[in-house]
Amino acid sequence: MKTSALQRKNNIINNIDYIIKSRGETKVSFANRTGVTRATLYKILDGKVNNVQRSTITRIADFFGVSCEIIENHDLQSIELIENTLSPDGDKNPAAVPVIPQSAFLRCANKRVGQLVAHYPVTWFFGEVANTVALQVERNLGNLFFPGDVLIIKRHTPPQEKQLALFSSPTQALFVSDIYSGAEEASLLGAIIEERIQ
């Protein structure tokens, strides 16, 4: 079914507005980062442009990794809601993962997850959960993670390319790195599979 000119205009306005809000942008940052002039952006959002140029739609779509067809003819918010609700692996039940304070993490390194769940609060995690725990950051971990952040860690699993992992060493205690050298002085505690930043 072909979208009317009025519906296309409304879809573009609604989708740009949704993208700005959902991606944490402002109108100014959105204009600067996409290359669309602020004047053009404001005219589009105020409904003063009846036929938005294809090059403008292409810049917006390319920047946010969606197709022009979606920006013009669909409700992006509804599409993303459905995509975020459905899992390609089917519906998964959340698993309880123990949240271990940073100060106690090394003492718990060799304890079974079942034992830890009985002693620490839990958070819910959707995904492969065998041997998975959470670290509650209490002191800065480098310049990446700060007090209140929670890191979901797949224990004893080396990081994939450019994936962060948690290590310990006699000199640094806990530290985060994306490089796994297998060095004697640093012990791999596990790969970071999710970051919950406060």
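The values are calculated or read from the model by the stated rules, or taken from the named source; none is laboratory data. The structure presented is a predicted model; accordingly, all values stated were derived computationally and were not measured. Counting neighbours? That spans all protein chains shown, and the Cβs are built from the backbone with ideal geometry, glycine included. Side chains are part of the model used for accessible areas, which takes the heavy atoms of the whole protein and leaves out ligands, DNA and RNA. Shrake-Rupley method; radii C 1.70, N 1.55, O 1.52, S 1.80 Å.
Rundown of residues vs (1) under 16 Å from residue 65 (Cα atoms); (2) not aromatic (Phe, Trp, Tyr), yes/no style:
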| site | (1), (2) |
| --- | --- |
| 9 | no, yes |
| 12 | yes, yes |
| 15 | yes, yes |
| 20 | yes, yes |
| 23 | yes, yes |
| 26 | no, yes |
| 30 | yes, no |
| 42 | no, no |
| 47 | no, yes |
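Could you list, ordered by first residue, the pairs with Cβ atoms under 6 Å in which the first is in the range 1-26 and farther than 13 Å from residue 77 by Cα and the second is polar (S, T, N, Q), at least 6 apart or interchain?
Partner pairs satisfying both residue conditions: 3/73.
Whether any residue in the range 38-54 is under 19 Å from the mean Cα position of the chain (by Cα) and either open to solvent by less than 80 Å² (accessible area, probe 1.4 Å) or modelled with pLDDT of 85 or more (or both) is what I want to check. Spell out the reasoning first.
Going residue by residue through the range 38-54, those that are under 19 Å from the mean Cα position of the chain (by Cα) are none.
Within the range 38-54, not a single residue is under 19 Å from the mean Cα position of the chain (by Cα) and either open to solvent by less than 80 Å² (accessible area, probe 1.4 Å) or modelled with pLDDT of 85 or more (or both).
Please state which one of 133, 176 is touching a helix residue (DSSP H, G or I) at 6+ places or on another chain (Cβ under 8 Å) and modelled with pLDDT of 85 or more. Walk me through it before giving the result.
Numbers: 176 fails: touching a helix residue (DSSP H, G or I) at 6+ places or on another chain (Cβ under 8 Å).
Among 133, 176, only 133 is touching a helix residue (DSSP H, G or I) at 6+ places or on another chain (Cβ under 8 Å) and modelled with pLDDT of 85 or more.
Of all residues in the range 16-28 being over 11 Å from residue 63 (Cβ atoms) and modelled with pLDDT under 85, which is surrounded by the most Cβ atoms within 10 Å (Cβ to Cβ)?
Once the filter is applied, the top-ranked residue is 22.
Among the residues of the range 59-71, is there at least one that is open to solvent by 40 Å² or more (accessible area, probe 1.4 Å) and of a type in the set (Phe, Trp, Tyr)?
Scanning the range 59-71, I find at least one residue that is open to solvent by 40 Å² or more (accessible area, probe 1.4 Å) and of a type in the set (Phe, Trp, Tyr), so the answer is yes.
Go through 31, 104, 61, 95 for me and flag whichever is modelled with pLDDT under 90 and within 30 Å of residue 118 (Cα to Cα). Steps first, answer last, please.
Numbers: 31 fails: within 30 Å of residue 118 (Cα to Cα); 104 fails: modelled with pLDDT under 90; 61 fails: within 30 Å of residue 118 (Cα to Cα).
On inspection, the qualifying residue turns out to be 95.
Would you mind listing the strands (runs of 3 or more DSSP E) fully within the range 106-198 where at least 1 residues are among the polar types (S, T, N, Q) and open to solvent by less than 90 Å² (accessible area, probe 1.4 Å)?
Values: elements: 122-125, 132-136, 150-155, 165-169, 173-177, 187-196.
Result: 122-125, 132-136, 165-169, 173-177, 187-196.
Just for the range 93-104: of the residues that are open to solvent by less than 10 Å² (accessible area, probe 1.4 Å) and among the hydrophobic types (A, V, I, L, M, F, W, C), which one is nearest to residue 169 (Cα to Cα)? First the steps, then the outcome.
If we filter the range 93-104 for residues that are open to solvent by less than 10 Å² (accessible area, probe 1.4 Å), which is where we start, we get 97-98, 100, 104.
Filter once more, so that each one left must be among the hydrophobic types (A, V, I, L, M, F, W, C): 97, 100, 104.
Details: 97: 25, 100: 19, 104: 15 Å.
The selected residue is 104.
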